[in-house]
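The values are calculated or read from the model by the stated rules, or taken from the named source; none is laboratory data. Because the structure is a prediction, the values reported are computed rather than measured. Positions of Cβ are generated from backbone atoms using ideal geometry, with glycine treated the same way; all protein chains shown enter the neighbour counts.
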Amino acid sequence: MYLKVNFTRKFSILGGLDLNMLLNDDAYKLNDGKPAFNSRTRIGYALGIDLGALYFRYRQFKKNNKIVDNWDAHIDQYQLGFKVRLF
């Protein structure tokens, strides 16, 4: 769920919680046949800027796995895109 604040018609910022989950978590197995990833929803956050048709987003969340002592990986994702309104 994001909160978007419009400053002008072509400039806005947004941010909020990001819920996600790995849909095919059972596809990845360790050598002993056990699942490599925990099956659960992950919570992260996202921040972004909209500049008319151009946008930038930064997302960060923590990914848990069972490969080495149940360590956590911090996933950073950067998105740059172009918006087009079809309807």
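Within the range 18-60, the residues that satisfy the criterion of being modelled with pLDDT under 85 and hydroxyl-bearing (Ser, Thr, Tyr) are 28, 39, 41. Residues that are surrounded by 10 or more Cβ atoms within 10 Å (Cβ to Cβ), among the polar types (S, T, N, Q) and over 14 Å from the mean Cα position of the chain (by Cα) within the range 1-38 comprise 6, 12, 38, listed in sequence order.
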